[in-house]
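In what follows, a single structure is set out as structure tokens and then discussed.
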Amino acid sequence: MNGKIVVDHLSKTFKKGGVQAVKDVSFKVEEGEFFAFLGPNGAGKSTIVQILTTLMNATSGTAFVAGFDVIKEPEKVRRHIGAALQETGVDPDLTGREMLELQAWIFGFGKREGCLRAEELLDIVQLTEAAERRIGRYSGGMRRRLDLALTLVHEPAVLFLDEPTTGLDPSNRMAVWEELRRLNKDKGTTIFLTTQYLEEADNLADRISIINDGEIVASGTPKELKARIGSDLIALTPVDGGDEDRTLHLLKSGLMDADVIRKQEKILIYVEEGTRQLLEVARILDRENIEVEDIQLSSPTLDDIFLKITGEGKKSNEQ
């Protein structure tokens with residue numbers, strides 16, 4: 001089962017308005033890897049997924065999925081992938097069981113074989129009790145789980161999931177996460193996930209690429225990405241909102257080898273040796289008579305790396 005994805009200098013410019021949604025993107029996803037594309041709305045995540053799932057052509061560059069060229073061999077690509085995109089094509093008048101049996105028939109299953117596969121998948125996504133209910137009466141979480149089951153009918157080598165848990169409550173989100181982990185670890189399915197949820201990427205992905213404005217700005221394991229911004233994070237909030245600009249300037253000029261940025265009313269400082277630097281921050285604030293509501297020292301999270309990279313627009317050549 002070839003689950004490898006290879007993307008080389010991929011670009012996409014839409015004719016309407018001349019918007020360049022994807023800008024010379026290159027990356028690889030190894031067979032059996034759980035890979036996440038992390039980025040805000042409009043970053044280019046969904047455009048890349050649509051190209052890789054043969055729903056859209058690239059303007060330039062090449063892409064291979066499961067060993068097949070997405071432009072020259074789209075039918076072969078489709079036979080080897082599953083895709084749960086943001087817009088689904090389920091029929092609200094069918095029951096969950098009927099929809100799964102129809103999907104099995106489309107992929108060449110016989111009637112008995114298709115019924116057994118539908119039953120198995122209903123159990124996997126915990127929809128057995130709702131199997132005879134019309135899909136139009138499913139909750140958002142139930143539809144998302146049915147979407148996942150539909151992508152798994154033919155046991156694809158590669159599974160594409162475009163923001164699969166958006167709008168789900170925490171319990172449904174955790175249920176989807178559990179099933180994705182099982183598919184990846186037990187079945188060896190290559191999973192390509194796009195998400196806006198930092199926690200989701202951190203919990204699930206072996207490797208993450210952060211995409212912003214159509215470009216990959218950082219790549220690595222969650223641990224590697226966190227390590228890139230320093231071992232510690234100091235966060236503080238000036239009592240007087242008018243002191244924010246002055247505080248930002250003073251800390252930028254007064255701290256050696258530290259990155260200082262502002263996030264709304266907070267000042268964030270990314271540093272090595274946070275305990276020592278915390279004392280220096282306190283001295284600077286005291287010398288300048290700047291009062292703070294609170295000051296905290298912690299280890300960085302993916303949220304912090306995402307903010308630092310996308311907020312400052314720093315680019316990385318890592319692929």
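What follows draws every value from the coordinates through simple rules; no lab data is involved. Just so you know, these numbers come straight off a predicted model, no measurement behind them. Cβ coordinates were reconstructed from backbone atoms using ideal geometry, including for glycine residues, and neighbour counts include every protein chain displayed.
Side notes on the structure shown:
- Between amide H atoms placed 1.01 Å from N, distances below 5 Å from LEU255 occur with no residue 5 or more places distant or on a separate chain.
- Under-5 Å amide H pairs with ARG207, H placed in peptide plane, nonlocal only: PHE34, ALA36
- For a modelled paramagnetic label at ARG287, 7 Å from Cα along Cα-to-Cβ, the residues of region 239-263 in reach, with backbone nitrogen under 17 Å, are 246-258.
- The chain: antiparallel DSSP beta bridges as a percent of all, rounded to 5: 65 percent
- What the phi angles of region 121-128 give under the Karplus curve with 6.51, -1.76 and 1.60, with θ = phi - 60°, is a coupling list of 6, 4, 5, 4, 9, 6, 10, 4 Hz, glycine and proline written as x.
- The 3J(HN,Hα) values that the Karplus relation (6.51, -1.76, 1.60; θ = phi - 60°) gives for region 24-30 are, in residue order, 6, 8, 9, 6, 10, 10, 7 Hz. Gly and Pro appear as x.
- For GLY82, distant residues with modelled amide H under 5 Å away: VAL158, LEU159, PHE160
- Neighbour-count order for THR62, THR54, fewest beta carbons within 10 angstrom listed first: THR62, THR54
- Once Cα extents along the principal axes in Å is calculated for the structure shown, the corresponding label among [x] 65, 44, 42; [y] 58, 40, 37; [z] 79, 44, 38 turns out to be [z].
- Ascending count of other beta-carbon atoms within 10 Å, so fewest first, for MET99, MET256, MET174, MET56: MET256, MET174, MET56, MET99
- Calculated FRET efficiency for the pair THR275/ILE106, C-beta based, R₀ 51 Å, to 0.05: 0.25
- Residue-averaged [θ]222 nm for the chain, counting only DSSP H segments that reach four residues, each worth -39500 (n - 2.57): -11500 deg cm²/dmol
- Residues VAL239 and LYS23, FRET efficiency given R0 of 51 Å [Cβ-Cβ distance, rounded to 0.05]: 0.75
- When the C-alpha to C-alpha distance is required to be over 19 Å, the pairs from LYS12/LYS72; LYS23/LYS223; LYS12/LYS45; LYS4/LYS223; LYS45/LYS72; LYS226/LYS252 that qualify are LYS23/LYS223; LYS4/LYS223; LYS45/LYS72; LYS226/LYS252.
- Projecting the Cα positions of ILE284, GLN264, GLY274 onto the charge dipole of the chain (unit charges on Cβ atoms of Lys, Arg, Asp and Glu, taken about the Cα centre) puts GLN264 furthest along the positive direction.
- Applying the Karplus relation 6.51 cos²θ - 1.76 cosθ + 1.60 with θ = phi - 60° to region 239-255 yields 3J(HN,Hα) values of 4, 8, x, x, 8, 4, 5, 5, 4, 4, 5, 4, 6, 4, 7, x, 10 Hz, where x marks Gly and Pro.
- Stretching the chain fully between ASP257 and ASP69 yields a gain of 63.1 nm (0.36 nm per residue, less the alpha carbon separation).
- For the peptides 128-135, 6-13, residues were scored by their other Cβ atoms within 10 Å and the scores averaged per peptide; the highest-first order is 6-13, 128-135.
- Considering only region 118-239, percent of DSSP beta bridges that pair antiparallel, nearest 5: 50 percent
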